[in-house]
Every structure is written in structure tokens, then in C-alpha cells.
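Visitor: Dropping the structure in here first, questions after.
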Amino acid sequence: QVQLVESGGGWVQPGGSLRLSCAASANDFRLNAMGWHRQAPGKERELVAAIMRSGSINYSSSVKDRFTISRDNAKNTVYLQMNSLKPDDTAVYYCTAWDSKPLRLDSPDYWGQGTQVTVSS
């Protein structure tokens, strides 16, 4: 019953930035966590970042120094600011959410439709 609507994907050259947004249909406080996963061509889907209801944040080591996850509770929205983008960041990015306990970050309960991010010269 939770719907996740993403926006902000597109094309950017290496070193550039993009900001992804995801609006949730449910109150964020009813979810244990929200975050972002991505899947590059020919690769497994992987966690990018997640933010817990408490505010605690987890990042993939490959993006920790470049990406920032944040939330706006008033707008029921989560963001992913992506800086210093590299070609290997090219992937479909999915907004994800969890309402189960215990929390398993590799198995979200809800998925957005996905938005394409392409990084190339």
C-alpha cells in the first residue's frame, strides 16, 4: 500500500552532480527506514544508502564520501545528493522503504519504479 515516486534522474558528465527525490505515500514515521538501491547493467542490485527513523544513516563504501542521503519529514520525502559522479555510478536507482522488524537492509519491503542515472563524457 506504500507508494514511492522518484524523480531527478538523467544524464551528467563525470564529476557532475544530481539530486534524486522520492516522495512516499505513507507517513515516514510509520516506516523503519527509507533509502536508495541501484542496479548497474550486468551487476547485482546493491544498497546505496539508507536512513533510519531514528536518523541513523548507512552508506555503501563506494559512495560514502560522495553521496548524501537526507529527508524532509514535512514533505514526506527522501533525497539522495550525488556529487563527483563517476561512470561506474551509472545505474537504475530505486527508492526503497522498510516497515518490517528486524530490519534487513538487503530486502526492502517497498520499491519505487526506478530512475535512470547515466554518467558519461
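The values are calculated or read from the model by the stated rules, or taken from the named source; none is laboratory data. These numbers come from a predicted model, not from an experiment. Neighbour counts are summed over all protein chains in view; Cβ atoms, including those assigned to glycine, are modelled from backbone coordinates with ideal geometry. With ligands, DNA and RNA removed, areas are computed over all heavy atoms of the protein, side chains included. Shrake-Rupley method; radii C 1.70, N 1.55, O 1.52, S 1.80 Å.
Visitor: Ignoring ligands, DNA and RNA, what percent of the 1.4 Å accessible area of the range 26-70 is carbon and sulfur?
Guide: 45
Visitor: Let me ask you something else. Thinking of the chain as a set of Cα atoms, what percent of all their pairs are more than 16 Å apart?
Guide: 56
Visitor: Turning to a different aspect of this structure: Could you give log10 I(q)/I(0) at q = 0.21, 0.22, 0.25 Å⁻¹ for the range 14-63, computed by the Debye formula over C-alpha point scatterers of equal weight, without solvent?
Guide: Computed log10 I(q)/I(0) values: -0.92, -0.98, -1.11.
Visitor: Same structure, new question: Over the chain, with the other protein chains present, what is the accessible area per residue in square angstrom, probe 1.4 angstrom?
Guide: 52
Visitor: Where does each of 52-58, 17-23 land if you order them by average Cβ count within 10 Å, highest first?
Guide: Peptide ranking by packing, descending: 17-23, 52-58.
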